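The block underneath contains the structure these notes are about, expressed in structure tokens.
The values are calculated or read from the model by the stated rules, or taken from the named source; none is laboratory data. Because the structure is a prediction, the values reported are computed rather than measured. Note: ideal-geometry Cβ built from the backbone for every residue, glycine included; neighbour counts use all protein chains shown. These accessible areas exclude ligands, DNA and RNA; they are computed on the full protein's heavy atoms, side chains included. Shrake-Rupley method; radii C 1.70, N 1.55, O 1.52, S 1.80 Å.
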Amino acid sequence: MSKKEDDILLERIANHLIIQTSAMDDIGLYYGKMGIVLFFAHYARYTGCSVYEDFADELLGEVIENISDELPINMRTGLCGIGWGIEYLIQNHFMEGDSDEILSELDEKIMERDLRRIKDLSFDTGLEGISCYIRMRLKSPRKESAKLPFDSTYLSEWAKMNIDDEGKDVLQNILNVNMVDDDILRLTLGLRNGYAGYGLNLLLK
């Protein structure tokens, strides 16, 4: 498609998401509101339109407000995915804030799980995704004297496990959309095989 055709399609995607997203219950990264926040953050920067930035901020507020103890800790639908999304926004200058402060309670929840006892080694729902979140948090800019987001015992156990996630492109792992243009009519809303993912692929290509 030409740039003009891409722009028309992106506007259609944005309008569809604005209409449909408010009814979503899922706040996760792959299929829920956190992933859609990432699309609108990129789209606002692409268009220079504050309306999309405001919508992303509003959605992010809904995500943070609805984080609960009942969420799993995984990347796909849970705390790691939401935390990774917030850290991504801060590190890429889509939002301002101290991620150590914003994510402190979430980090504490994640540390409650013993990494050595997790049998699921996958990225989406298991150990590799959790490890990728830990690595992302450790890369967050902070003063050398600042306290790390995870305690030394937890980080020591994590390091011993030699999980092969370094250098993994999280967004590309999620954005595995491979469709012809007509398929867009059958998409869900989120990043994984959804409108937000299709749009973000266009913005990042």
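Numbers at a glance
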{"item": "Residue, most open to solvent (accessible area, probe 1.4 Å), within segment 121-155, restricted to residues that are of a type in the set (Asp, Glu) and either part of a helix (DSSP H, G or I) or touching a residue at least 40 places away in the same chain (Cβ under 8 Å) (or both)", "result": "151"}
{"item": "Some residue of segment 34-44 being outside any helix (DSSP H, G or I), over 16 Å from residue 170 (Cβ atoms), at pLDDT 95 or above and not aromatic (Phe, Trp, Tyr)", "result": "no"}
{"item": "Matching option when the condition is more than 16 Å from the chain's Cα centre (by Cα), basic (Lys, Arg) and more than 29 Å from residue 58 (Cα to Cα), among 143, 109", "result": "143"}
{"item": "Top-ranked residue of segment 68-106 - restricted to ones that are over 14 Å from the mean Cα position of the chain (by Cα) and more than 24 Å from residue 142 (Cα to Cα), ranked as most open to solvent (accessible area, probe 1.4 Å)", "result": "70"}
{"item": "Any chance residue 115 is open to solvent by less than 30 Å² (accessible area, probe 1.4 Å) and modelled with pLDDT of 95 or more", "result": "no"}
{"item": "Within segment 25-46, tally of residues that are touching a residue at least 12 places away in the same chain (Cβ under 8 Å) and either farther than 12 Å from residue 196 by Cα or open to solvent by 50 Å² or more (accessible area, probe 1.4 Å) (or both)", "result": "7"}
{"item": "Failed condition for residue 6, given (1) open to solvent by 50 Å² or more (accessible area, probe 1.4 Å); (2) among the charged types (D, E, K, R); (3) over 20 Å from residue 169 (Cβ atoms)", "result": "(1)"}
{"item": "Residues of segment 159-195 satisfying the condition of being hydrophobic (A, V, I, L, M, F, W, C), at pLDDT 65 or above and not in a loop (DSSP other than H, G, I, E, B)", "result": "159, 170, 171, 174"}
{"item": "Residue that is farthest from residue 168 (Cα to Cα), among those in segment 60-115 that are of a type in the set (Gly, Ala, Ser) and not in a loop (DSSP other than H, G, I, E, B)", "result": "61"}
